[in-house]
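Note sheet for the following structure.
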Amino acid sequence: MPTISTSIEIGAPPQRVWDVLTDFPGHQEWDPFFVRLDGTPRLGETLAVTIAPPGGKRMDFR
């Protein structure tokens with residue numbers, strides 16, 4: 001299975017970062033890679049994710 005990974009240092013408190021990352025409706029404002037993010041970001045929950053990488057094909061994950 002393909003793996004996508006990246007890293008960056010963010011000058012913000014961890015809670016602020018978590019709040020932005022888990023604001024699924026707001027993702028398209030700053031990250032067009034994610035077309036859809038549905039679900040609850042909680043341990044044991046399943047997320048429905050659709051990505052559309054630049055120059056790549058659209059993919060759905062659960």
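Here are the numbers for this structure:
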quantity	calculated
Residue among PRO2, PRO41, PHE24 farthest towards the positive dipole end of the chain, charges placed on Cβ	PRO2
HN-Hα J in Hz across segment 24-38 - Karplus 6.51, -1.76, 1.60, θ = phi - 60°, x for Gly and Pro	4, x, x, 4, 5, 5, 10, 9, x, 4, 8, 8, 8, 9, 10
³J(HN,Hα), Karplus 6.51/-1.76/1.60, whole Hz, each residue of segment 55-62, x for Gly, Pro	x, x, 9, 5, 9, 10, 9, 9
Percent carbon-and-sulfur accessible area, the chain, ignoring ligands, DNA and RNA, probe 1.4 Å	56 percent
Accessible surface, the chain, averaged per residue in Å² (probe 1.4 Å)	86 Å²
Residues whose placed amide H lies under 5 Å from that of VAL35, excluding near-sequence neighbours	THR50, ILE51, ALA52
Dipole magnitude of the chain about its Cα centre (Cβ charges: Lys, Arg +1; Asp, Glu -1), debye to nearest 20	240 debye
Listed candidates (1) -0.52, -1.09; (2) -0.35, -1.32; (3) -0.35, -1.11 - label of the one calculated as log10 I(q)/I(0) by the Debye sum over Cα atoms at q = 0.12, 0.25 Å⁻¹	(2)
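The values are calculated or read from the model by the stated rules, or taken from the named source; none is laboratory data. The shown structure was predicted, so the numbers you read here are calculated from the model rather than taken from an experiment. Counting neighbours? That spans all protein chains shown, and the Cβs are built from the backbone with ideal geometry, glycine included. Accessible surface is based on the protein model in full, side chains and every heavy atom, while ligands, DNA and RNA are left aside. Shrake-Rupley method; radii C 1.70, N 1.55, O 1.52, S 1.80 Å.
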